[in-house]
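The next block holds one structure in the form of structure tokens; read it before the comments.
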There are 2 protein chains.
Amino acid sequence: MDIDGHDSESSVDVLIIGAGPAGLMAAAWMAHCGVHARIIDKRNAKVFCGQADGLNPRSQEIFESFGFVDRFRKEAYYLNEVWATSSPDENGVIRRGERTPDTPPGLSRFMHATLHQGRIERFFLDNIKKYSKDTIQVERGVMPESLAIEETKVHDQTAYPVTVKLRRLNEEESTPKQHGGAQFADGLFRSNLFGEADEDALLQRSYERAGESETVHAKYVIGCDGARSWTRNVLGFELQGESIDAIWGVMDIVPFTDFPGIRERSMIQSAEYGSLMVIPRENNLVRLYIQLIEVKLDATTGRADKSKITPESIFDAAKKILQPYKIEYDVCDWWTAYQIGQRVGTHFQAHDRVFLAGDAVHTHSPKAGQGMNVSMQDCYNLGWKLALVIKGIAQPSILSTYEAERRRVAQELIAIDHRLSRQISGKPVKDSADPTGINPDDFKKSMIEGHLFFQGLSINYGPSSLIAKPSEADEHGNGGGIAQSTKINAETFAKRQALATGLPVGMRFNSCKVLDQSDGRIWHLQEKLKSDGRFRIVLFAGNILDPAQKQRVEHLCTQLDAPSNFLRRITGTGSIDSIVEILTIHSAKRHSVELLRDFPDILHPFSRQTGWGYHQVYCDDVSVYEGFGDAYVSYGVDKDRGCVVVVRPDQIVAWVGELDDFDDLQSYFQGCLLLSD
Amino acid sequence: MDIDGHDSESSVDVLIIGAGPAGLMAAAWMAHCGVHARIIDKRNAKVFCGQADGLNPRSQEIFESFGFVDRFRKEAYYLNEVWATSSPDENGVIRRGERTPDTPPGLSRFMHATLHQGRIERFFLDNIKKYSKDTIQVERGVMPESLAIEETKVHDQTAYPVTVKLRRLNEEESTPKQHGGAQFADGLFRSNLFGEADEDALLQRSYERAGESETVHAKYVIGCDGARSWTRNVLGFELQGESIDAIWGVMDIVPFTDFPGIRERSMIQSAEYGSLMVIPRENNLVRLYIQLIEVKLDATTGRADKSKITPESIFDAAKKILQPYKIEYDVCDWWTAYQIGQRVGTHFQAHDRVFLAGDAVHTHSPKAGQGMNVSMQDCYNLGWKLALVIKGIAQPSILSTYEAERRRVAQELIAIDHRLSRQISGKPVKDSADPTGINPDDFKKSMIEGHLFFQGLSINYGPSSLIAKPSEADEHGNGGGIAQSTKINAETFAKRQALATGLPVGMRFNSCKVLDQSDGRIWHLQEKLKSDGRFRIVLFAGNILDPAQKQRVEHLCTQLDAPSNFLRRITGTGSIDSIVEILTIHSAKRHSVELLRDFPDILHPFSRQTGWGYHQVYCDDVSVYEGFGDAYVSYGVDKDRGCVVVVRPDQIVAWVGELDDFDDLQSYFQGCLLLSD
């Protein structure tokens, strides 16, 4: 359907409300999975809300899986070296502190980096356009006016139970108001997201039809419409938690300063004037987060009158904090002030038909640089589940895992941000007898303790139909109430997890380097886990040269290939790897085995158009150019016997077992996918 | 000027004839240096000649310097593992031979790779468009009809001594003829270079004006118009050398075969049926070079009647060579047959006003995968020289180094191709008493011996005004006759070269990893040698913590900064680093020094718009994430005393000396650049 030619009444599989990073992530999944989706935003192309810039390693892994991390890498500024904390000496004068690594080496292929949110959105927009073959483009200047769910239809997979009425806005309506002559009041600003000709044309055509209404019947709706979410409000859900925090200013400037840590991620706590964070960015810009201790808060509401805050007043505060160092600037790219509390949504969905994601269900300060990451990762969790249910591949019951999995992440985020904000906004301790002061070391400690979370690598989803863990293993779980398909007990689970100690079930698949059996090229295994909606069976085939082990591999392949078993029953007449792809990693020497001779056909499926599946079999051997990945050791897998690992479409480890545990492997897939008779 | 709105008479600084890889490389330089240039091609967008696909490490380094190697990396197929040579056993049956690394590790950051020429051209077109701000776009369907040089004006830098008459073709004229019902006869084929909307529109507008003529007055012309170069013919120059070779077929197919080395670069010599080369490519394609021993050659001309060659006959030959292995295919992307000799142009230029590059001055077989590389690298050598002369930065006399430097490379290419072709086309030796047979090991030996050339890393330019070497050091020289500015004798040169043994003068600047002093990010130093037309002074500052050494650095900086010296005299009122950029690498511990405190301002120049030049000072220290580059050791530079290295805009090491050799450093630049009074 022409995205421009909607009738006054139409239907769609997924309607995404809000085209920030969360909404675009959802749209990316739909594009990569070939699902009919629309994405609307009430604002026009040139303005958006907020300006996040910190991208954690996990987000970059996700960009890689969609195919655009190369663009990110080229433009981003990498915070790959140090955290510098500076605090007053005995005379109350700022001294530059010790420098330590920002991210512990070895956790991810990627490192913390900063890049303007507008560029991230640009990468998504181009990627969505390419993979949807131009069928999904953001419709800007379009606003939802009402939303209704027909509850009698929510269990009918052929129905479109959500009705949303949309209205096309004119240019004035879709351009956010600028408060107080400046942008900061609600964080809106002129972005450097530049429009493409076709996007501008689409918007113009929409303006021409301003005032027109459209009734959209949707199977599913995702509300990614920010902290003041219209979708959340219309569902009657709330954010809960503390509502206010200290007030901070933010400026993106090209600074002239003699403070030596200006190109490092730094935190400076002054004795009397508050704290300041330094986040270096692309193009010699530096973002300063500046505590505004002189701004008076209303005694009743605890809120500041932000209309009195100017760039000059923010920068004056920065100068005081930094003394005796000097700082000036000519170029300011953007500035704002914020006062945000830590709050989490009461519900993340209604009837598993309307979902909320991103700021619509969690608000917090930007200090840990997590906002854009957690919001995008919400939809990275949700998108493939919706796509597979809509395509009739997965059972609708998997949708309940979204709230279960992501609400815990939001709660953890809020707890960490709360702790950090209090530490950063406090005054530094004067001496050991000062009970109210904050020890700068505590801040550093919090940062180090929280580092796995900050990388986006602490996620550990609990048991469900998608995660084969015993319900006892609930310390990282979802709070129960989620159906489990494999009735695994703790003892069996422990035995199985011991087969791949480096791949904890519930966490993201860690990446090691392996060699392509057919040509010897070295790859990060994670590069082979593309976000195309497919599950993967990672077969650690062990020592394929050992006859007994080879027989185990062949036996498993016979079971996988049997028409009566799950793999053929989920794919039907489609190609054998269309829903679950098998990736093999063996531990023999690469030159001692041959792909076609030593591996059953199902491990490298054949097609007359593309030939053999050369690039599905890998080995854990020394490369000519980049050393030894030592994958079996890193993954804690036995080099002789190997094991089998199931990876979800979002790169989360879902199941671990022996090559001989085929029945349980089958029940995993029976529990989440739809099998033909 | 609107590239679409040329009058019937116009002028331009550089007119490039031919938009293959060589012509596009020249245009890229003009775009990056801001020179007014035009590039024409008589063919329309959808067809071009030849289909090279091998890209050597040096070409990839150059792509990196222009900013598009990321696109290449994403799409290319890396031949990074093995050379497999297979030959008959005692029964005459093909046996797969031993596998060895293709490229010795450590020579370059990049490895041999294959990618369709059409994609390379696409990357160039997009890059040229971006950097020229849309002012340089290939004008297709435009053909030169006459060329005249006004010899009286060739020494006048304000003059436009070359007059070229152009004619716009119609669609039929600009579409190459397809011979014999197939494409192979002259290597023309429908390419998968897809047009962009604006490029198609430009071509359509040109068609509408078909038949119109235009007289262009150019300062310089570059003929990159292929083996049958119109430019070369109109200048009356010739190619010299052998004119014919054995006849080979080429096919790009998706093969079904049990030959195990099909995803590795392989060479197979059969006992009776000739030889076959396997070059794996992107998208599971494989290129086969197939010797056609059954095709009869005309006894007089030595030429084959190519009209009788079909894909079927070529593939039959391949099947015979490969037996007992089987091979079939459904998908053939492209095929051709060729019979090419090794020939070199007599002249590469006329009056240093009209230049020839690429196939216009060297033809050879595609077996070593060098064609596209050497052609592009011709213009990589030429482009910046022209740009700097046109911009009034460099002396016109530097232009004579183009022929001197590149003709030797062409000769070396031809010699290697000649040897390889004879070895590959010969029959394998039967036993030690077989005098005419070719030992398969000889082929492998030739490949290994030639490897530096194949990587594009053996280039060693001789003494000239751009290369400060003694004329005695002419074993890799240009054959003399080139002016030298620094009258360096062999003894002094040896002493200076000993200051940086890993950076031989005349060769490309090898890359080591270093840390950014300001933020600790690790970089390959070569990433900092962008192709923007600037020379670089790489200052190995040594141990900056040693007071005596610091004084040497400061003294050098004072000299560099003096208004009466070359650096200020070449830049005039422009910024100090607009023509020569200084990059500093010190050897002290990163945390023990501070950028602003320990390094003179000239090493990190200040601007109010962009702040301090944070990213011009590096250190040779251990990184947090990627180990230790150990640059001083790799470059053979003393960690205490350091040295100074001049790098040309094309990344060639031009001069090496002590920090105290300022006078000679100055005479280097006086010898090639134009200094104000």
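Using Cα pairs closer than 8 Å and at least 6 residues apart in sequence, work out the relative contact order for region B:575-677, in percent.
The value is 19 percent.
What is the mean number of Cβ atoms from other protein chains located within 10 Å of the Cβ atom of each residue in peptide B:512-520, rounded to a whole number?
4
Taking every residue in A:219-231, how many Cβ atoms of other protein chains lie within 10 Å of its Cβ, on average?
The per-residue average across the peptide is 0.
Arrange the peptides B:149-160, A:569-580, B:580-591 so that the one whose residues have, on average, the most other Cβ atoms within 10 Å appears first.
B:580-591, A:569-580, B:149-160
At residue B:272, label 7 Å along Cα→Cβ: distances to the other copies, nm, ascending?
Counterpart label points of residue B:272 in the remaining copies fall at 10.1 nm.
On a straight-distance basis, which aspartates and glutamates could pair with residue B:153 in a cross-link, Cα separation under 20 angstrom, same-chain partners fewer than 8 positions away excluded?
By straight Cα distance, residue B:153 reaches B:9, B:13, B:352.
Distances in nm, one decimal, shortest first, from residue B:392 to the same residue in every other copy, taking the label point 7 angstrom along Cα→Cβ.
7.3
Could you identify the residue of A sitting closest to the A-B rotation axis by Cβ and state that distance rounded to whole angstrom?
Rotation axis A onto B, closest Cβ, rounded to whole Å: A:70, 2.
When DSSP assigns beta bridges and you keep just the ones with both residues in the protein assembly as shown, what percent turn out antiparallel, to the nearest 5?
Around 70 percent antiparallel, to the nearest 5.
First select every other residue whose beta carbon is under 11 angstrom from the beta carbon of residue A:393; then total the charges, Lys and Arg +1, Asp and Glu -1.
Every neighbour counted, the sum reads +3.
Give the peptides B:12-18, A:453-459, A:228-234 in descending order of average Cβ contacts within 10 Å, highest first.
Sorting B:12-18, A:453-459, A:228-234 by mean packing, highest first, produces B:12-18, A:453-459, A:228-234.
Tilt of helix A:547-561 relative to the longest C-alpha principal axis of chain A, in degrees (0 to 90, nearest 10)?
80 degrees
Would you mind ranking B:111, A:372 so that the residue whose beta carbon has the fewest other beta carbons within 10 Å leads the list?
B:111, A:372
Could you check what % of the DSSP bridge pairs in region A:490-671 are antiparallel, to the nearest 5? Write down the numbers at each step before the final one.
Working: 18 of 28 bridges.
Close to 65 percent.
Calculate the spin-label point distance for residue A:492 paired with residue B:11, positioning each point 7 Å from the Cα along the beta-carbon direction, and give it in nanometres.
8.7 nm
Between residue A:198 and residue B:89, what FRET efficiency comes out of the Förster formula 1/(1 + (r/R0)^6) with R0 = 60 Å and r the beta carbon distance, rounded to 0.05? Walk me through the numbers before you get to the answer.
Values: r = 61 Å, r/R0 = 1.02.
So the FRET efficiency works out to roughly 0.45.
Just tell me how shielded B:250-256 is by partners: mean number of partner chain Cβ atoms within 10 Å of each residue's Cβ, no decimals.
Numbers: counts 0, 0, 0, 1, 6, 2, 5.
Mean number of neighbouring Cβ atoms from other chains: 2.
Would the protein assembly as shown count as rounded, prolate or oblate if I go by the C-alpha gyration tensor, calling it rounded below 1.5 in a/c and otherwise prolate when a/b exceeds b/c, oblate otherwise?
It comes out oblate by the Cα gyration axes.
Lysines near residue A:308 by alpha-carbon distance under 22 Å, same-chain residues fewer than 8 away left out - which ones?
A:177, A:296, A:319, A:320
Let a ≥ b ≥ c be the square roots of the eigenvalues of the Cα gyration tensor of region A:490-671; is it rounded (a/c under 1.5), or, if not, prolate (a/b larger than b/c) or oblate?
On the way: a/c = 1.33, a/b = 1.08, b/c = 1.23.
Here region A:490-671 falls in the rounded category.
If you put a point 7 Å past Cα along the Cβ direction, how far is that point for residue B:660 from the same point in each other copy, in nm, smallest first?
In ascending order, 7.8 nm.
Quote the relative contact order of chain B in percent (integer), defining contacts as alpha-carbon pairs under 8 Å separated by 6+ residues.
About 14 percent, as a whole number.
For residue B:323 and residue A:561, what is the calculated FRET efficiency with R₀ set at 30 Å and r taken between the beta-carbons, to the nearest 0.05?
0.45
What's the long-distance tail for region A:234-297, i.e. % of Cα pairs beyond 13 Å?
On the way: 1423 of 2016 pairs.
Result for the distance tail: 71 percent.
Tell me the label-point distance for the pair residue B:272, residue B:578, using the 7 Å Cα-to-Cβ offset, in nm and rounded to one decimal.
7.4 nm
Give the separation of the Cα centroids, region A:382-406 to region A:491-538, in Å.
Taking the Cα centre of region A:491-538 as reference, the centre of region A:382-406 is 22 Å away.
Quick one: work out the % antiparallel among DSSP beta bridges in chain A, nearest 5.
Around 70 percent antiparallel, to the nearest 5.
Past the 32 Å Cα-Cα mark, which pairs from A:306/A:385; A:391/B:74; A:367/B:130; A:129/B:42; A:427/B:528?
Long pairs (Cα-Cα over 32 Å): A:306/A:385; A:367/B:130; A:129/B:42; A:427/B:528.
Bear in mind these aren't lab numbers, they're just calculated from the coordinates by the rules spelled out. Computed from a predicted structure; not experimentally measured. Reconstructed Cβ throughout: ideal geometry from the backbone, glycine too, with neighbour counts over all protein chains shown.
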